[in-house]
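Below is one structure, written out as structure tokens; the observations come after it.
The values are calculated or read from the model by the stated rules, or taken from the named source; none is laboratory data. If you're wondering where the values come from, they're calculated on a predicted model, not measured in any experiment. We place every Cβ from the backbone using ideal geometry, glycine too, and count neighbours over all the protein chains shown.
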Amino acid sequence: MTEKTTHANPNKNRTPRHRAREFALQGLYQWLLNNEPAATIIANIRTAHGFDKADSEYFKELLHGAIAQSVELRELLAPTVDRPVAELSPIEHAVLLLGAYELKNQLEIPYRVVINEAVELTKSFGGIDGHKYVNGVLDRLVGRLRPDEAGADAKR
């Protein structure tokens, strides 16, 4: 998986948390394709260029959490997608697992931030219009996982 360079400044807004999400996405991608254990994936990714600028604890939490909860997260995603989750592209699948994990477990992060980060990851690593699909799926999921937060936004 290589990062696309379609953006004017791909390094813009690459906070340690964003970098953690990028590396977690790469780890989930490896896991989906090769079914390697998380420990092996983490060991490999820790040697990647730029990992020292990532929030390594958040990376591990995202990767371990999304893998450990993958069955439940796929069940949550299933009603919000237009095909079986297993038929999604590996990038969209991995981004949606990350986004669903954060929406479900990282309640201190506003849902709009979770969705925006997922969209940005998909723009960087996914297909041409994959970000639109990811945005729609996670937006539908917010209504199920964070109805109070979504409702408060709707009233504004």
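Restricting to segment 51-91, name every residue that is out of contact with any Leu (no Cβ under 9 Å at 6 or more places or on another chain), charged (D, E, K, R) and closer than 14 Å to Val137 by Cα.
Of everything in segment 51-91, those that are out of contact with any Leu (no Cβ under 9 Å at 6 or more places or on another chain), charged (D, E, K, R) and closer than 14 Å to Val137 by Cα turn out to be Glu75, Asp82, Arg83.
Would you mind stating whether Val113 is surrounded by fewer than 19 Cβ atoms within 10 Å (Cβ to Cβ), at pLDDT 95 or above, closer than 22 Å to Gly65 by Cα and not small (Gly, Ala, Ser)?
Spelling it out, Val113 is indeed surrounded by fewer than 19 Cβ atoms within 10 Å (Cβ to Cβ), at pLDDT 95 or above, closer than 22 Å to Gly65 by Cα and not small (Gly, Ala, Ser).
Looking at segment 24-36, can you tell me whether even one residue there is over 20 Å from Ala86 (Cα atoms) and either touching a helix residue (DSSP H, G or I) at 6+ places or on another chain (Cβ under 9 Å) or buried (at least 16 other Cβ atoms within 10 Å of the Cβ) (or both)?
no
If you check Asn9, Asn13, which single one turns out to be modelled with pLDDT under 95 and on the phi > 0 side of the Ramachandran plot?
Asn13
Just to be sure, is Glu102 buried (at least 19 other Cβ atoms within 10 Å of the Cβ), touching a His at 6+ places or on another chain (Cβ under 9 Å) and closer than 16 Å to Leu62 by Cβ?
no
Select from segment 87-122 the residues that are charged (D, E, K, R) and under 9 Å from the mean Cα position of the chain (by Cα) and write down the one among them that is nearest to Gly27 (Cα to Cα).
Taking the candidates together, the pick is Glu92.
Specify which of the listed residues (Ala86, Ala118) is out of contact with any Pro (no Cβ under 9 Å at 6 or more places or on another chain), surrounded by fewer than 16 Cβ atoms within 10 Å (Cβ to Cβ) and part of a helix (DSSP H, G or I).
Going through Ala86, Ala118 in turn, just one is out of contact with any Pro (no Cβ under 9 Å at 6 or more places or on another chain), surrounded by fewer than 16 Cβ atoms within 10 Å (Cβ to Cβ) and part of a helix (DSSP H, G or I): Ala86.
Whether any residue in segment 131-153 is of a type in the set (S, T, N, Q), assigned to a helix (DSSP H, G or I) and farther than 25 Å from Pro84 by Cβ is what I want to check.
No: zero hits.
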